[in-house]
Structure formats: C-alpha cells, structure tokens
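The values are calculated or read from the model by the stated rules, or taken from the named source; none is laboratory data. This is a predicted model, so every value here is computed, not measured. Here the Cβ is made from the backbone with ideal geometry for all residues, glycine too, and neighbour counts use every protein chain on show. SASA here: full protein model, heavy atoms, side chains in, ligands and nucleic acids out. Shrake-Rupley method; radii C 1.70, N 1.55, O 1.52, S 1.80 Å.
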Amino acid sequence: MKINQIIEKHIELYVNRISSFWEENPQVPLALNEIYFNSEKSVVDLIKKVEINNFYEFKLPIGHKANLGDPDTLGLKKLEILNPISFKEYDLFDRIECKTKEEVNEKYPTAYFLIHKKYSRIIDAKLISLLPDYKKCNNGNRKRVIDDNLSFELDWSISRERAAFPNIEYVFPEFVINFKGEEYYQYLDITNLAFIGGRKSFNVFYDICMQFYYDSTGAIYKGELKEGQPVVYFENRTNLYVITNSKGKIVSWNNYISTVMNLFYIHFTIFENWLIDSISKEVKLS
C-alpha cells in the first residue's frame, strides 16, 4: 500500500487524536479559535463537520471560513501554551542605532517590519532543537530514520532560499516520507494539520503591512505598503536615535509567532506519532 493510501485509510484516527488532545488541553483550541477564526467558531465542534480525505483535500462546511486574526488585537497573553518555543523583544526583530537625525534619514528602511537578518534561521533553530531525532543530512535537511523501510525528512530548502532576503512570512519545512524507496511530500502548516483551511499562518503579516484598494466588484486593483512602521525613538540611556518597530507591536507579533510555532510543534508531534503507528499497522497486515 502506498503512503497516500495509508494516510487516507487512517485519517479518521488522526482526527480522533487531535480532537481528544483539544478536549484534554482546552488552551490549544482556544488559541486556534482566536488566531484562525477570531473566536467566532470552535474547532472542537468544527472538526466533526469537516469532510476530510487527506491533509490537502478537506472541505469545511458552508458558512465556515478561516479568517486570520490581527495579532495586535488578539488576546494571546491569555492563550499561554506550555511549550519551549518562545520569542521576546529583539529575538526576531532588529533595531538600527543612529547618532544624528541625518543618519536616521539615510538608514531608514523601506520595509514595514524591521526583522533580524537571520529571522528564518532563528525560528528554524528553535524548532530543530525540539526535534533531536532528526539528524542533519548532507543536503542541509533533517532526517529521522524509523527503520530500514521508513524515514522522515524535514526539507528547509524554501526557508534557506528566503534567508538571503529576510521576510517575516515564515515558511514551515516540507515533510518528506521515504517509504520502501518511494517519496511522498507533505506541506505542513497548522491550517493543514488542524484542517482549518484558508491562508497559511504567517500570511497575516502581509495583511498587516499592506493597504488594499478595491474596485466596484470587490476585486483588489492596487496594494500599497502602509505607513507607520518602523518608528524612531530617541533613547536617553544611550543618547542615540533608534529605528525599530513600535514596542507594543513587537510584543504582540512575538506573542503571535510564539503561539503559532507552539501550535505547529504540538500538532506535528501528534501527526508524526500517528503516521508511524499507521504505517506500522499496514506493514504488519501486508
């Protein structure tokens, strides 16, 4: 049996696992609701209504559509998830120090988000640190060998490509299943792993920084970068001008990124264990 057939055959068991986990850990569906449905829907109830074939082919019932919430207005401080992935202050964001106003004018960036040059690599490293079973390969990916017939690989090639051009819209690694000489590729995001649908988790930052203009039919005909970020502070302690993002926004954006990464780690762990169990059952039956 091929991997895609095994996934479709056992997908209901995966749904049961995440449903049970949500019921036992109510802060997790609370976070999912807050981020992906603006608290209007409950993923605990919604999962029972989604038509699911696999992690790519699933259909939400009519009237249910994921809508990424604005990190600036989310109550993420109330959605604490006790996992090791967290970011604060300038872990991911950056600051430019200037001695004069003239220097500020020269160095003021054109981008809306002033992020660390190694932004994606820093997030990757946090995730990698929690997955010790995945060993580095010659191609820069991470591989976990289950047995002679089965191994998993995390492919960060897209992330590595973006590293040269820092972008706040982080991309999760692609998951590659190697089973009896065949490869199966699975894109991973919370929107796939929790069958939420809609846009990918980090696309919210595109909405934050862009001002869209709509025509009479409701179609977007123009998009412009919003003003207001980064900002300039005069820091009395150092007697310097500092270019950075607003302090409150850095807090809310870090909270959002931390929560999304924790949600990913939680669901990826469930996904991985379920997949190993499902493949093992089919191997024993064959």
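So here's what we get for this one:
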read-out	value
Percent of Cα pairs exceeding the 15 Å cut-off, where the set is region 174-213	58 percent
Mean residue ellipticity (222 nm) of the chain, computed from DSSP H runs ≥ 4 via -39,500 (n - 2.57), nearest 500	-12000 deg cm²/dmol
For region 1-146: relative contact order, % (alpha-carbon pairs under 8 angstrom, 6 or more apart)	16 percent
Region 225-286, relative contact order in percent, only Cα pairs under 8 angstrom and at least six apart counted	18 percent
Quarter of Cα convex hull surface for region 76-194, i.e. mean projection, nm²	10.5 nm²
Distance between region 81-133 and region 215-232 - C-alpha centres, whole angstrom	24 Å
For Val204, net neighbour charge (Lys/Arg +1, Asp/Glu -1) across residues whose Cβ lies under 11 Å away	-2
Farthest toward positive dipole pole in the chain [+1 Lys/Arg, -1 Asp/Glu at C-beta], among Val44, Tyr214, Val231	Val231
Rg over Rh [alpha-carbon atoms, Kirkwood Rh] for region 1-70	1.01
Equivalent-ellipsoid semi-axes of region 108-255, from the Cα gyration tensor, Å, largest first	36, 23, 12
Cα point-scatterer Debye curve for region 104-163, base-10 log of I(q)/I(0) at q = 0.20, 0.22, 0.23, 0.27 Å⁻¹	-0.82, -0.93, -0.98, -1.18
Principal axis box of region 200-259, alpha-carbon based, largest edge first, Å	53, 27, 11
FRET E, pair Glu24, Glu97, Förster distance 45 Å, beta-carbon r, rounded to 0.05	0.40
For the chain: relative contact order, % (alpha-carbon pairs under 8 angstrom, 6 or more apart)	24 percent
Solvent-accessible surface ranking, highest first, for Val145, Val176 at 1.4 angstrom	Val145, Val176
Convex hull projection area averaged over all views, region 1-122, Cα basis, nm²	11.7 nm²
Part-to-part distance (alpha-carbon centres) for region 148-212 and region 257-279, which is given in Å	13 Å
Environment charge of Asn178, counting only residues whose C-beta is closer than 12 Å and scoring Lys/Arg +1, Asp/Glu -1	-3
Folded to 0 to 90 degrees: helix 3-24 orientation relative to the chain principal axis, Cα	60 degrees
Calculated FRET efficiency for the pair Ser157/Ser86, C-beta based, R₀ 35 Å, to 0.05	0.85
For region 249-264, 3J(HN,Hα) per residue [Karplus equation, 6.51 cos²θ - 1.76 cosθ + 1.60, θ = phi - 60°, Hz, x = Gly/Pro]	5, 4, 4, 5, 5, 5, 4, 5, 4, 4, 5, 4, 5, 5, 4, 4
Region 130-170 - convex hull of alpha carbons, volume per residue in Å³	88 Å³
Dipole of the chain, positive end: most advanced residue of Phe205, Leu60, Ile85 [Cβ charges, Cα centre]	Ile85
Per residue accessible area of region 164-267, 1.4 Å probe, in Å²	44 Å²
Two-site label geometry, Arg144 and Glu272: point separation in nm, points 7 Å out along Cα→Cβ	0.3 nm
